[in-house]
Structures are given as C-alpha cells and as structure tokens.
1. Given the conditions (1) crowded, with 18+ Cβ neighbours inside 10 Å; (2) assigned to a loop (DSSP other than H, G, I, E, B), which single one is not true for Thr124?
2. Those residues that are of a type in the set (Phe, Trp, Tyr), within 24 Å of Met356 (Cα to Cα) and touching a strand residue (DSSP E or B) at 6+ places or on another chain (Cβ under 7 Å), I need them from segment 219-272; list them, please.
3. Kindly provide the set of residues from segment 321-349 that are crowded, with 16+ Cβ neighbours inside 10 Å and either part of a strand (DSSP E or B) or among the basic types (Lys, Arg) (or both), ordered by number.
4. If I filter segment 226-280 down to residues being part of a loop (DSSP other than H, G, I, E, B) and acidic (Asp, Glu), which single residue comes out as surrounded by the fewest Cβ atoms within 10 Å (Cβ to Cβ)?
5. Just one of the numbered conditions (1) at pLDDT below 95; (2) more than 23 Å from the chain's Cα centre (by Cα); (3) surrounded by 21 or more Cβ atoms within 10 Å (Cβ to Cβ); (4) of a type outside the set (Gly, Ala, Ser) is not true of Asp207; which one?
6. Looking only at residues in segment 368-386 that are charged (D, E, K, R) and farther than 21 Å from Val202 by Cα, which one is most open to solvent (accessible area, probe 1.4 Å)?
7. Quick one: in segment 64-90, of everything that is free of Cβ contacts under 8 Å to residues at least 40 places away in the same chain and open to solvent by less than 60 Å² (accessible area, probe 1.4 Å), which residue is nearest to Lys186 (Cα to Cα)?
Amino acid sequence: MTIRPFAAVRPNAGDAALVASVPYDVVDTAEAKALAAGNPKSFLHVSRPEIDLPEGTDCSSPEAYRQAKRALDALIAGGTLVRDAEPRFYAYRQTMGAHVQTGIVATFDTQDYLSGVLKQHEKTRKDKEDDRTRHIETLSAHTGPAFLTYRDDKAIDAMVADSCAEAPLYDFVAPDGIGHAVWAIKQSNNPAIEQLFSRIPVAYIADGHHRSAAASRYAKEHDFAGESRWFMAVIFPASQLKILAYNRLIRDLNGLSDYEFLSRIAENFTIGKKGTRNCRMYFRGKWTELSWELPAEADVVGSLDVSYLQDRLLSPVLGIGDPRTDKRISFMGGIRGDAELAAKVDSGEQAVAFAMEPVTVEEMMAIADAGAIMPPKSTWFEPKLRSGLFIHTV
C-alpha cells in the first residue's frame with residue numbers, strides 16, 4: 001500500500017472546535033442548519049451548503065456546489081483555515097467514553113483503490129458518487145476524509161505513540177461529548193511511515209465508500225495527474241475500531257394483519273433468545289427477541305444477521321426486495337439507541353423496528369477479502385470522523 005504526507009489546509013488552533021463538524025451524510029438539511037446556527041465557522045457551511053441557500057434548494061444543485069466553494073474560500077480568506085507549509089502525516093485520536101482510537105491522516109493512492117489493495121465491502125450508488133465527484137471538482141479539494149483500517153502492526157503503533165507524546169495541535173471535546181485530538185507527526189518520520197505502510201498488503205474501507213469512489217472517478221477524469229491521483233483518509237488499526245448495529249425500520253406490514261405477520265415470523269424465527277443468533281423486534285409497543293440457527297450452507301455474507309433478516313423476513317414477508325432503493329425501509333445507527341427506534345414506531349411513522357447485533361470488524365474484513373459485498377447499511381462505525389480538520393487540495 002502506498003501512502004503520502006500532504007500539506008493540509010486546516011483550522012488555526014483557536015478555531016478547530018468551531019470548524020469541526022459531523023460528516024455531511026449523517027445529518028439532513030434541517031439538522032445541519034440547526035447545528036451550524038450562530039456559527040459561521042462551522043464546516044457544515046461547506047459540506048452542507050444548502051443551509052445557506054433559499055429553503056428547498058437541492059443539495060446537489062450547481063448552486064449548492066458554488067455556495068460550498070464560496071464558503072470554503074471565505075474560511076481561508078478570513079484566516080480560519082490555513083495551509084501547512086510542508087507535507088506532513090498527522091495522528092488523529094478520538095475518545096468516546098472508555099473507547100479510544102488513534103489513526104494516521106494521510107493521502108492514499110487511487111490506483112490502490114482501483115486495483116483492490118484498498119478493499120470494499122459495500123456497493124456505491126451512482127447518484128451519491130456523482131454528488132461527491134462534483135463537490136471535489138467545484139472545490140478542487142477533498143473536504144471529508146475516508147475511514148480506513150488495516151490489521152495491526154506493532155511498528156506503526158510505536159511510531160504513532162511516539163508522536164502523540166508531543167503537544168497536540170488540537171485537543172477539544174465536541175458537543176456530542178466525543179474528544180478529538182490531532183498531532184503533527186515529525187517530518188523526519190515521513191520516510192519511515194511510508195516504508196512501514198508499504199509492507200501492509202491491504203487495507204479496508206470501513207466508512208467512506210462514496211468518498212473513495214468519487215476520488216477515483218475524479219482522478220481518472222484528470223488522468224491521475226498531480227494531486228488528483230491522491231485522496232485523503234484516516235487509517236486505524238483494526239483492533240481499535242468499534243462497530244455499532246445498523247437497525248431497520250419498516251413503514252408498513254405489506255398488507256398483512258398483525259396475526260398474519262406474526263405467523264409468518266414463526267416460519268423462520270424462534271420467539272425468545274433461544275438460538276445462537278438473534279435480533280430484537282419492536283412491534284405494537286413491546287420488544288420481542290427473535291432467534292435462529294444459521295443454515296449449514298451460509299457463506300460469509302449469508303451468515304450475517306442482517307442477511308438472514310433480509311432473506312427470511314424483510315424480502316419474502318414484508319416485500320422489501322432491494323433495501324438500497326425501497327422507500328418502505330429506513331435505517332438508524334445504533335448510536336441512537338432503542339428509545340428512538342421505539343419512538344418511530346409508537347408515533348405511527350413506522351410499523352415495526354428491528355434492532356440488530358453489530359457486525360464484527362473480523363466479519364467485515366473476511367467479506368472484503370472474499371470479494372463479497374455486505375447488505376446495505378450493515379455497519380455503523382463510531383465515533384465518526386469530524387469534517388473540516390483536514391482538507392486536501394487537488
């Protein structure tokens with residue numbers, strides 16, 4: 001694997017906490033507008049530019065991309081964002097309660113993405129790729145890092161630990177209670193870091209498949225010239241990652257009565273936590289455990305809880321044929337908890353909710369190694385990378 005340092009455009013030390021924002025794709029327009037209210041330095045003005053345009057403006061319209069460029073230029077012109085003089089690697093630590101993860105911020109080769117050195121476990125949607133590609137094109141920058149992982153390497157761990165013994169560039173706690181700290185790694189260590197990663201045969205895209213795909217498209221459109229070939233990501237040791245469940249909400253019962261629905265469930269699930277695999281269902285005001293045994297023929301994808309639920313209940317009983325496109329299914333990250341799932345059902349907005357068990361990092365890597373694809377919305381990584389702390393100009 002090939003990685004390179006880069007001269008990041010990043011916040012000055014006093015503004016880092018104001019600039020850093022949640023990723024563009026975990027909030028809708030209304031949520032982004034509320035989070036950025038009263039804070040002209042929030043990076044949401046760049047990543048969700050429709051919040052500064054007339055209500056109803058399409059977030060993927062040409063005017064939205066132009067507004068994102070104006071917002072980025074304004075942050076640079078006002079001195080909120082500055083460019084490092086020399087290429088660097090950075091260490092980025094996130095703390096969520098007792099959980100701590102520390103990764104290296106670098107640029108990665110889109111040729112490694114195209115050749116499969118950077119492995120995928122999800123399909124991407126063309127409309128989302130189009131959106132991110134136009135965003136890169138208009139701003140001449142990658143504004144949000146992808147999230148990668150690799151199997152642990154003690155020498156890399158030691159290099160990162162040594163860098164984090166110095167004073168950090170940033171150290172703050174975001175409004176959601178998650179801590180963020182960033183260190184500039186000594187430039188004298190750049191060759192050693194590049195050499196250490198050249199020994200790593202593969203890495204895995206944990207989060208940011210659309211960012212990675214868009215970066216690759218942009219690179220191809222620009223003949224892989226100069227910085228267009230490289231895209232920004234944070235790469236973490238696999239042992240440090242935390243995956244939460246990605247839960248399912250279904251809008252209606254596909255024309256079934258309550259009795260018919262519950263009867264069909266009994267065909268492939270046992271009520272109660274009696275099998276080796278299980279999920280929880282919220283229906284008609286109460287939680288119920290559903291359990292099952294994996295079929296002997298299940299492969300690495302079919303053995304996932306989300307696959308079994310999709311194949312044995314959501315598709316044949318509730319009529320959710322393609323969860324990527326069906327408007328009757330929605331998804332909620334496990335970070336939001338059971339109460340929010342129940343509230344969606346109790347309000348009548350949804351008919352039934354399923355709280356899944358989290359996929360493990362080992363399962364994710366095994367699926368990617370097999371060249372297989374997970375069902376959509378299978379993994380919810382926490383904590384999320386903040387946007388605006390690093391920008392890679394192309």
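The values are calculated or read from the model by the stated rules, or taken from the named source; none is laboratory data. Please read these numbers as outputs of a predicted model, since none were measured by experiment. Using ideal geometry, Cβ is built from the backbone for each residue, glycine included, and neighbour counts are taken over all protein chains shown. Just so you know, the surface numbers come from the protein's heavy atoms only, side chains and all, with ligands and any DNA or RNA stripped out. Shrake-Rupley method; radii C 1.70, N 1.55, O 1.52, S 1.80 Å.
1. (1) is the only condition that Thr124 fails.
2. Initially, segment 219-272 is screened for residues of a type in the set (Phe, Trp, Tyr), giving 224, 230-231, 236, 246, 259, 261, 269.
Next cut, within 24 Å of Met356 (Cα to Cα) only: 246, 259, 261, 269.
Once the filter is applied, which keeps residues that are of a type in the set (Phe, Trp, Tyr), within 24 Å of Met356 (Cα to Cα) and touching a strand residue (DSSP E or B) at 6+ places or on another chain (Cβ under 7 Å), segment 219-272 yields Tyr246, Phe269.
3. So in segment 321-349, the residues crowded, with 16+ Cβ neighbours inside 10 Å come out as 323, 326, 328-330, 332-335, 341-342, 344-345.
Correct list: Arg328, Ile329, Ser330, Met332, Gly333, Lys344.
4. Taking segment 226-280 first, the residues part of a loop (DSSP other than H, G, I, E, B) are 241-242, 245, 251-257, 266-269, 272-276.
Okay, now just the ones that are also acidic (Asp, Glu), so 252, 267.
On the way: Asp252: 12, Glu267: 10.
By that ranking, first place goes to Glu267.
5. Condition (2) is where Asp207 drops out.
6. Within segment 368-386, the first condition is being charged (D, E, K, R), and the residues that meet it are 369, 377, 382, 384, 386.
Filter once more, so that each one left must be farther than 21 Å from Val202 by Cα: 377, 382, 384, 386.
On the way: Lys377: 72, Glu382: 14, Lys384: 35, Arg386: 23 Å².
Residue satisfying both the conditions and the ranking: Lys377.
7. Residues of segment 64-90 free of Cβ contacts under 8 Å to residues at least 40 places away in the same chain: 64, 67, 70-71, 73-74, 77-78.
So of that shortlist, the ones also open to solvent by less than 60 Å² (accessible area, probe 1.4 Å) come out as 64, 67, 71.
Values: Ala64: 38, Gln67: 36, Ala71: 31 Å.
Checking each candidate, the answer is Ala71.
Let's see how each residue does on (1) closer than 15 Å to Arg93 by Cβ; (2) open to solvent by 10 Å² or more (accessible area, probe 1.4 Å):
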{"position": "Leu148", "(1), (2)": "no, no"}
{"position": "Asp152", "(1), (2)": "no, yes"}
{"position": "Ile178", "(1), (2)": "yes, yes"}
{"position": "Gln195", "(1), (2)": "no, yes"}
{"position": "Ile200", "(1), (2)": "no, yes"}
{"position": "Ala215", "(1), (2)": "no, no"}
